[in-house]
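The values are calculated or read from the model by the stated rules, or taken from the named source; none is laboratory data. Note that the structure is a prediction, hence the values are computed from the model and not measured. Note: ideal-geometry Cβ built from the backbone for every residue, glycine included; neighbour counts use all protein chains shown. When the accessible area is computed, the model is the full protein with side chains, heavy atoms only, and any ligands, DNA or RNA have been set aside. Shrake-Rupley method; radii C 1.70, N 1.55, O 1.52, S 1.80 Å.
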Amino acid sequence: MRVVRTAPIAAAIVVLIGALRFGGAVDDTVLPGIPSPGAGTEWALPAVTLLANLLGVLTAGLTVTAAFLLPGDGGSVAARGWWLLRRTTWLALLWALASATLIVLTVSDVLAVPAGQLSRQAVVSFASDISQGQALLLQTGLALAVAVLSRGGTSRGPAAVTALLATTAIVPPAFTGHAAGAGNHQIAVTSLAVHVVAASLWTGGLAGLLLVRRHRRFADTAGRYSRLALGCFVATAVSGVANAAVRLGDWGALWNSRYGVLVAVKVLALLTVGLIGAVHRRRAVWAESFVRLAAGELVVLGAAIGLAVGLSRTPTPVAEDVAVPDPLVELLGFTPPGAPTAVRMVGDLLPDFFFVAAVAVGIGVYLAGVRRMRRAGHDWPVSRTLSWIGGLLVLGAFTLLGVAKYAYVLFSVHMVQHMVLSMVVPILLVGGAPVTLALRTLRRPADPQVRGAREWLLVILHSRVVRLLGHPLVALGIYVVSLYGLYLGNLLATLMRYHLGHLAMLVHFVLAGYLLFWVLIGVDPGRRRVHPAMLTVVHFLAMVAHAFFGFVLLQSTTVIAAGWYTSVHPAWASSLLADQRLGAGLAWAFGELPAVVIMLLLVRQWIRSDEREQARLDRAADRAEASGDEDDLARYNTFLAQASARTGKS
């Protein structure tokens, strides 16, 4: 077993050294004239990067195994899961230390100054002001949080939070480096993030599986991992192809550049591991052959991690062809669009891997659920299916078509995008009732101690957090505060400048709108039972807040996010203030139609609620008449008559 533990690490180190030598990352003759921080930093930076990556993979894999793959013990994780979480504490602490060390080494590399000669001010400034340093600092903080949470007890809920936090901590560095500087970082950055997370869960999950190979329910645990690994393989392959396409530029670079050769070797490693995984799924997992196959798979995956670190230090072919980089292209991630026309608004595409995947997976999974319902002999309303698909298609249209490009450079188009994503898309998605479909189609695990997707969904629906968020006033507050805070709190410029911030902003538009309209008109379980009259009042308050926001923005003489829109303002556009007032007018008028639709639905719910209550009273009266007893309404009328008589006597 010791060989199984050391062989993947050795493979990663050997492949890293070879990739650095071949790619020219430690060879001054490949990039002449560029100052060097010294051999210490040149070798230490990729070595510590490899160490941080391995520690992150193991931390995420072990926590996911403990929280989701192993069967539990009632509301607690299994004993073996508790053992994994205890091991995770030290891995996370070492991960945090490695990430903090990377901050210093990266500053040394950027400034071409040996690490021992750096000033404290330079390191602090890099960590607080530069995106790459901020990402490493964030990763350090998240790793420390994982170390603390891993000691927080044995409950399944905290264990799941720890696993999700550990997986999230892998992502921040992916939003800097080659991907962030690529010509189309909408694809490069997001695809790299997906690639890193999928590969980490794949590798780390296998390592966690080997550590619990003597568990009495190992066969079932291995089966669950196999399904996870298959999904990770597909995600890794698709995201890797998308990312490589952006960085290589054309197919010729795949064999005409050193970077392309390393990519080809990595593809070969991926196919090899996929073949081993296929053998896993065909053979029994109890035999010693499983350990040998898993060990071989880990060796190849370790080599792939070392190769990935080497690739991150290798110049890309696209960067070599750019003589004078355009700062506006680097800022936006694409060539600025020309004067808007209907054709450009639709046809000038801006592919973003995140939204492409969200739309494709969302539609595919939903249709698979509907198909399973039909096979079981149950009907599912066509209107709900059309509503869900329509919502995702509208989401894709306003985040992937040409309108998404103009939303970067024009405030008015950004405001239209905001209104659509926060109102039209959520209303359509809520109408699809996805939670109801999931609860009806997700299968229960054979082992009652295992929490599958359906069980975790029920836990979330019954949690205090969802109960709090499902309160109408809380949902209204989130929707309104995010609207005013984004534009009047000078937050828009910061979010627009970073791809991760821009992506988080668009996702927040959809989620905040979904929460509000789920509370108002949703049919999925988990929402509070509130009288339609109260919901109508809440919706009216949302309409007033939305209209007042448009009025305030229309009267404002201060340019919102001036730092951003001044940098990207096209020459063919009107003035910033004129474009802002156009956006304010659109925001003021845009919400009228969705607001009227929601109001009609609420009034309809109100009428139906009264009809149901009256029908209930009629049934109670019929039962009382048949039995000779008084019903509640009759007793209430008698009480009123007696009270009136006493008042008259007084």
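Quick notes on this structure:
- Solvent-accessible area per residue for segment 505-557 (1.4 angstrom probe, square angstrom): 43 Å²
- Taking all protein chains together and a 1.4 Å probe, the residues Met345, Met534 rank Met534, Met345 from largest to smallest accessible area.
- Applied to segment 571-585, the Karplus parametrisation 6.51 cos²θ - 1.76 cosθ + 1.60 on θ = phi - 60° returns per-residue 3J(HN,Hα) values of 5, 7, 8, 6, 5, 4, 5, 5, 5, 5, 5, 5, x, 5, x Hz, with x for Gly and Pro.
- Couplings 3J(HN,Hα) of segment 476-487, computed from phi: 5, x, 4, 5, 6, 5, 5, 5, 6, x, 5, 9 Hz, in residue order, whole Hz [Karplus 6.51 cos²θ - 1.76 cosθ + 1.60, θ = phi - 60°; x for Gly and Pro].
- Across segment 51-135, the volume of the C-alpha convex hull divided among the residues equals 107 Å³ per residue.
- Trp43 contributes about 90 Å² of solvent-accessible surface, heavy atoms of the protein only, 1.4 Å probe.
- Within the accessible area of segment 331-410 (1.4 Å probe), percent carbon and sulfur: 71 percent
- All Cα pairs of segment 511-586, percent lying beyond 20 Å: 52 percent
- Qualifying trypsin sites (Lys or Arg not before Pro) in segment 522-562, where qualification requires a DSSP coil assignment and no more than 16 other C-beta atoms within 10 Å, comprise Arg528, Arg529.
- Asp73 long-range amide H proximity, modeled H, under 5 Å: Ala78
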